[in-house]
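The values are calculated or read from the model by the stated rules, or taken from the named source; none is laboratory data. Everything numeric in this text was worked out from a predicted model, so none of it was measured. FYI the Cβ positions are ideal-geometry reconstructions off the backbone, even for glycines, and counts take in every protein chain you see.
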Amino acid sequence: MEKGNSKLKIDYILLIILFLLATVSIVALIGVEPKLPVKLQNQNFIQKQIMWYGIGCFVIAVIMIIDFDRYTKICWFLYGIGIVMLLGLELGIPVMGKVQTINGATGWYTLPGGLGNFQPSELMKVIMILVLGTMISQHHQLYTAKRPEDDLFLLGKIFAASLPPLLLIAKQPDLGNTMVISFIVAVMILVAGIRWKYILILVGSVVTAGATLVAIYFINKDFFTAHILQQYQLNRFYGWLSPEEYPTQGYQLKTAMMASGSGGLTGKGLGTSEVYFPEAHTDFIFAVIAEQFGFIGTSIVICLFFLFIYRMIQIALESNDPFGSYICAGVIAMITFQVFQNIGMGIQLLPITGITLPFLSYGGSSLATYMMAIGFVLNVRSRTQTFMFKEKE
């Protein structure tokens, strides 16, 4: 028997946590803006971040209008748009604006009207979640026998859809978003119900490939830097392993760790940063919070992310629609990986990859992407039906 449930259910817990993360982001940017280089202090990062949060709220409202099931009909159209934008970057075609190269990576379009730069690889993360969720749910509807060949067929379809954007993003080169999308694909495969022996074979293949790359590096370093990883990407790896031996490559890591460690228990206070390092408002916003608000401030941030992810896991488990659960799983994978990677790279736990901290770092296209992803999770939650009595499967 179904409860009276005709109205959309708004998940206020998720929205409250999102509001708190937005508040932390604005406060952190207020504290870091005076310490940025002079050329960046006139960029109005705080106003732009508020503007992008406003745009993100509008995007959430638009996404909530349409039942999430309907997105299965347009996800491949969105996939095509995403591939065209990535190809435009590869070929130098101004699909959405002038092609922009930043720090050696050709991964942005300069938007008209002073809106800043747009990074298609960010949008591609959400598109891949929709595409893979659609593919997995429709596959299970068509192949109910769950034979071994059906699992192999599903794996083939997942890789066929994932490889084109992954290769285009890796070629920009954008190692960070390549890793994020790869993790999304891995989690989607894990929750797709594919037999464990195939998953273990995949894991073994990945480990073998990694060992092969390491062997190539030691055997022929010139070939490795020419065809696999560029020198600046290797420099980041060197700076991560031995920041003292490679002061130039490890400069960002050393300064981030110095800022994090100098904050102590309660921090130095808002706007009182004494440690300067580049990209403080984007990649290393967590180090700014650690310096200005100390261990207590960073603990609050980590707790907020934990509650945020935990709430999304609950929504995924409560969903009556497999497609809705797959959407939530993809979003959880995206945010969890980026939080772990961003915080980890600032404390020398992981190498620096340029991945932003979701909802806290400054960035238009990245923030809009996170808000869009949360819009789909809220959509799933709003249309999850609650029954007084459930039939046993």
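To keep it simple, each residue is scored yes or no on (1) at pLDDT 90 or above; (2) aliphatic (A, V, I, L, M).
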{"site": "GLY80", "(1), (2)": "yes, no"}
{"site": "VAL99", "(1), (2)": "no, yes"}
{"site": "ILE102", "(1), (2)": "no, yes"}
{"site": "GLN119", "(1), (2)": "no, no"}
{"site": "MET124", "(1), (2)": "yes, yes"}
{"site": "LEU163", "(1), (2)": "yes, yes"}
Review point. Name the residues in segment 145-180 that are among the aliphatic types (A, V, I, L, M), closer than 28 Å to PRO351 by Cα and not in a helix (DSSP H, G or I), would you?
Key: none
Exercise for review: Assess whether VAL288 counts as being at pLDDT below 95, over 21 Å from the mean Cα position of the chain (by Cα) and under 30 Å from ILE102 (Cβ atoms).
Suggested key: no
Point to revise | Hits in segment 111-159 - residues which are hydroxyl-bearing (Ser, Thr, Tyr) and either in contact with a Cys (Cβ under 9 Å, 6 or more places away or on another chain) or under 15 Å from ILE194 (Cα atoms) (or both) | key: THR134, SER137, TYR143, THR144
Check your understanding: Any residue at all in segment 245-258 that is of a type in the set (A, V, I, L, M) and within 23 Å of ILE102 (Cα to Cα)?
Key -> yes
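I'm trying to understand the selection: among the residues of segment 191-201, which are assigned to a helix (DSSP H, G or I) and touching a residue at least 24 places away in the same chain (Cβ under 8 Å)?
In the first step, residues of segment 191-201 are kept if they are assigned to a helix (DSSP H, G or I); the result is 191, 196-201.
Selection gives VAL191, TYR198.
Residue by residue, here is whether (1) under 24 Å from the mean Cα position of the chain (by Cα); (2) outside any helix (DSSP H, G or I); (3) crowded, with 16+ Cβ neighbours inside 10 Å holds:
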{"site": "VAL185", "(1), (2), (3)": "yes, no, yes"}
{"site": "ILE189", "(1), (2), (3)": "yes, no, yes"}
{"site": "VAL206", "(1), (2), (3)": "yes, no, no"}
{"site": "PHE223", "(1), (2), (3)": "no, no, no"}
{"site": "LYS254", "(1), (2), (3)": "no, no, yes"}
{"site": "GLU274", "(1), (2), (3)": "no, yes, no"}
{"site": "THR282", "(1), (2), (3)": "yes, yes, yes"}
{"site": "ILE296", "(1), (2), (3)": "no, no, no"}
{"site": "SER299", "(1), (2), (3)": "yes, no, no"}
Review point. Which pairs do you get when a residue that is farther than 20 Å from GLY375 by Cβ, found in segment 16-31, comes within reach of a residue that is of a type in the set (Val, Ile, Thr) and surrounded by fewer than 22 Cβ atoms within 10 Å (Cβ to Cβ), reach meaning Cβ atoms under 7 angstrom, with the pair 6+ apart or on two chains?
Key: ILE26/ILE46; ILE26/ILE50; LEU29/ILE46; ILE30/ILE46
Point to revise | Number of positions in segment 225-252 that are among the charged types (D, E, K, R) and either at pLDDT 75 or above or part of a loop (DSSP other than H, G, I, E, B) (or both) | key: 2
Practice item. Could you grab the pairs with beta carbons closer than 8 Å, sequence gap of 6+ or different chains, first residue in segment 245-266 and in contact (Cβ under 8 Å) with a residue 60 or more places away in the chain and closer than 13 Å to ILE285 by Cα, second one among the hydroxyl-bearing types (Ser, Thr, Tyr) and in a helix (DSSP H, G or I)? Key: SER260/THR298
Practice item. Output the residues belonging to segment 332-357 that are in a loop (DSSP other than H, G, I, E, B), within 15 Å of the chain's Cα centre (by Cα) and of a type in the set (S, T, N, Q). Key: THR353, THR356
Review point. For segment 156-208, which residues satisfy the criterion of being in contact with a Leu (Cβ under 8 Å, 6 or more places away or on another chain) and among the β-branched types (Val, Ile, Thr)?
Key: ILE158, ILE169, THR178, ILE181, ILE184, VAL185, ILE189, ILE194, ILE199
**Study point:** First in segment 325-344 and farther than 17 Å from ASP11 by Cβ and touching a residue at least 24 places away in the same chain (Cβ under 8 Å), second anywhere and among the small types (Gly, Ala, Ser) and crowded, with 23+ Cβ neighbours inside 10 Å, Cβ under 7 Å, 6 or more apart
**Key:** TYR326/GLY133; GLY330/GLY133; MET334/ALA373
**Study point:** Those residues of segment 256-272 which are surrounded by fewer than 21 Cβ atoms within 10 Å (Cβ to Cβ) and aliphatic (A, V, I, L, M), in sequence order
**Key:** MET257, MET258, LEU265, LEU270
Practice item. Mind checking which helices (runs of 4 or more DSSP H) fall wholly inside segment 1-70 and carry at least 3 residues that are at pLDDT 90 or above? Key: 12-32, 45-65
**Study point:** Test: residue in segment 254-269 that is aliphatic (A, V, I, L, M) and either in contact with an Asp or Glu (Cβ under 6 Å, 6 or more places away or on another chain) or on the phi > 0 side of the Ramachandran plot (or both)
**Key:** yes
**Study point:** Identity of the residue in segment 71-119, in contact with a strand residue (DSSP E or B) (Cβ under 6 Å, 6 or more places away or on another chain) and outside any strand (DSSP E or B), that ends up nearest to ARG381 (Cα to Cα)
**Key:** GLN119
